[in-house]
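Below: the structure, in structure tokens.
Since every read-out is calculated from the coordinates, none of them should be taken as a lab result. As the structure is a prediction and not an experimental result, all values here were calculated from the model. A quick note on method: Cβ atoms are made from the backbone with ideal geometry, for glycine too, and the neighbour counts reach across all protein chains shown.
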Amino acid sequence: MQLNFSGLRALVTGAGKGIGRDTVKALHASGARVVAVSRTNADLVSLSKECPGIEPVCVDLGDWGATEKALGDVGPVDLLVNNAAVALMRPFLEVTKEDFDRSFSVNLRAVFQVSQIVARGMINRGVPGSIVNVSSMVAHVPFPSLAAYSSTKGAMTTLTKSMALELGPYKIRVNSVNPTVVLTAMGQKVSADPEFSRKLKERHPLKKFAEVEDVVNSILFLLSDRSASTSGSGILVDAGYLAS
Ligand code: NDP
């Protein structure tokens, strides 16, 4: 699917690695101007070399004040991808207050904050927009040692619908993508036990995990006018897992 985002400005969080990084590259290749937000500056430096002209912003999205300072005046944004997240693995009984707070501040609170900044800008300019929240299939099905992470993604389902409801009248669409395991740094950590990983893959009807490209394609579809009547929705990129 060839999409053209020329004339539009996109903001992608968690742009340094994995799905976020490839989303920036795809948007850049499709003509968008891209604001790439991430935590590790070296990742943004190497990404800027690969995608000349992108606007790197280095900030810890778990820090409300720093995020306000870094993105409060970000300027016009037409397309937003809330992708940054942490997956802190710990059995439910051992989850600490720090785990809980970090998970929710990065994975959910920052989505509120960045989306508010971006949506206010869209409304003030009177332009339509599209927001994609990168969620997970664990919003719908539990995984061992991921109670805190899964809770943030479950909440993201409701947040996506709430945003779609309140921002729809301004022609701002809000959707999510919900992938199964993708073998990025995060995915490798979550599926590190070889036996668990083998059994998990076997349970997928398509007998595989998802590729980064599969997730990026769904993000681009939801950002584009090809999904003009879709809002408050989620695309499963789960190799059929939830049907199993
Ligand atoms: P990675 O861990 O590979 O990359 C995450 C990126 O987000 C990194 O660049 C990281 O920067 C950045 N990031 C994390 N925390 C912050 C923060 N506080 N402030 C700014 N940037 C931050 O993850 P994936 O690419 O795998 O995941 C992307 C999205 O996809 C996430 O929302 C995840 O929940 C979701 N997802 C992933 C799956 C998987 O199996 N990989 C499955 C389902 C959903 P740094 O490294 O510098 O911290």
Karplus ³J(HN,Hα) for region 50-65 (6.51 cos²θ - 1.76 cosθ + 1.60, θ = phi - 60°; Hz, whole; x = Gly/Pro) runs 6, 10, x, x, 5, 10, x, 10, 9, 7, 8, 5, x, 9, 4, x
Of the residues Leu183, Thr67, Ile219, the Cα lying farthest along the dipole of the chain towards its positive end, which is defined by charges on the beta carbon of Lys, Arg, Asp and Glu, belongs to Ile219
Debye calc, one equal point scatterer per Cα of region 150-230, no solvent, log10 I(q)/I(0) at q = 0.12 1/Å comes to -0.48
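Where the only charges are on Cβ atoms (+1 Lys, Arg; -1 Asp, Glu), what is the dipole of the chain about its Cα centre, to the nearest 20 debye?
Numbers: 26 positive and 22 negative charges, 62 e Å.
Here the size comes out at about 300 debye.
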Calc'd 3J(HN,Hα), region 94-102, phi into Karplus 6.51 cos²θ - 1.76 cosθ + 1.60 (θ = phi - 60°), Hz, glycine/Pro = x, comes to 10, 5, 9, 4, 5, 4, 4, 5, 5
Under 18 Å between C-alpha atoms, the lysine pairs in the chain lying 8 or more places apart or on different chains count 13
For region 104-244, shape from the Cα gyration tensor axes a ≥ b ≥ c, cut at a/c of 1.5 then a/b versus b/c, turns out prolate
The chain: relative contact order from alpha carbon pairs under 8 Å, six or more residues apart, as a whole percent, is 19 percent
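Can you put Glu202, Glu166, Glu211 in order of Cβ neighbours within 10 angstrom, beginning with the fewest?
Working: Glu202 9, Glu166 12, Glu211 15.
Final ranking by Cβ density, sparse to dense: Glu202, Glu166, Glu211.
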Residue by residue through region 75-80, the couplings from Karplus 6.51 cos²θ - 1.76 cosθ + 1.60 with θ = phi - 60°, in Hz, x for Gly and Pro, are x, x, 10, 9, 10, 10
Pseudo-spin-label distance Asn4 to Val127, built 7 Å along Cα→Cβ, given in nm, is 1.7 nm
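How much length is gained on full extension from Lys199 to Arg102, taking 0.36 nm per residue of separation minus their Cα-Cα distance?
So the extension gain works out to 31.9 nm.
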Unit-weight point scatterers at every alpha-carbon of region 17-94, Debye formula, q = 0.16, 0.24 1/Å: log10 I(q)/I(0) is -0.63, -1.25
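Mind checking the full-extension length gain between Ala243 and Ser48? Use 0.36 nm per residue of separation minus the Cα-Cα distance, one decimal, nm.
Details: separation 195, 0.36 × 195 = 70.20 nm, distance 3.98 nm.
That pair, Ala243 and Ser48, stretches by 66.2 nm at full extension.
Do any trypsin sites (Lys or Arg not before Pro) in region 198-244 lie in a DSSP loop with no more than 11 other beta carbon atoms within 10 Å, and if so, which? Intermediate results must be reported in sequence, preceding the final value.
Numbers: sites: Arg198, Lys199, Lys201, Arg203, Lys207, Lys208, Arg226; in loops: Lys207, Lys208.
Of the trypsin sites (Lys or Arg not before Pro), the ones in loops of region 198-244 whose Cβ has at most 11 other Cβ atoms within 10 Å are Lys207.
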To the nearest 0.05, the calculated FRET efficiency linking Lys207 and Glu55 through their beta-carbon distance, R0 being 35 Å, is 0.30
The extension gain from Phe112 to Gln188, computed as 0.36 nm times the residue separation minus the Cα-Cα distance, is 24.6 nm
So, relative contact order of region 5-111 in percent, Cα under 8 Å, 6 or more apart, is 28 percent
Cα gyration tensor of the chain diagonalised, 5x eigenvalues square-rooted, in angstrom largest first, produces semi-axes 27, 20, 18
